Amino acid sequence: MKFRPLHDRVVVRRITAEEKSKGGIIIPDTVKEKPMEGEILATGPGARNEQGVVVALSVNPGDRVLFGKWSGTEVKIDGEDLMIMKESDLLGVIVSA
């Protein structure tokens with residue numbers, strides 16, 4: 001199934017966190033926090049401003065982003081757990097050096 005978000009919404013796939021801490025301790029699933037990093041899979045066309053003009057989003061499919069812990073709505077599309085959120089819920093884009 002193809003899914004296209006509307007307006008200024010984006011579809012994000014969470015990027016799984018490390019299974020071990022920096023010190024080498026394995027973190028069990030029961031205490032592991034949900035990752036706040038993800039990859040943009042799809043974007044809507046953008047939101048309309050006061051003049052009625054569509055303003056394009058600042059993110060594109062493939063971008064790695066950070067988002068708030070309680071941001072977005074979790075959905076299951078084609079058996080995959082994804083998140084739909086507004087662009088304003090994104091904290092920033094991760095740029096590789």
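The values are calculated or read from the model by the stated rules, or taken from the named source; none is laboratory data. These numbers were taken from a predicted model, which means no experiment stands behind them. Cβ sites come from the backbone with ideal geometry, for glycine too, and all protein chains shown count toward neighbours.
For the reader, a short list of remarks on this structure follows.
- Residues within the range 40-72 that are surrounded by 11 or more Cβ atoms within 10 Å (Cβ to Cβ) and under 14 Å from the mean Cα position of the chain (by Cα), tallied: 18
- Here Ile40 meets the list (1) of a type in the set (Val, Ile, Thr); (2) in a loop (DSSP other than H, G, I, E, B); (3) at pLDDT 90 or above almost entirely, failing just condition (2).
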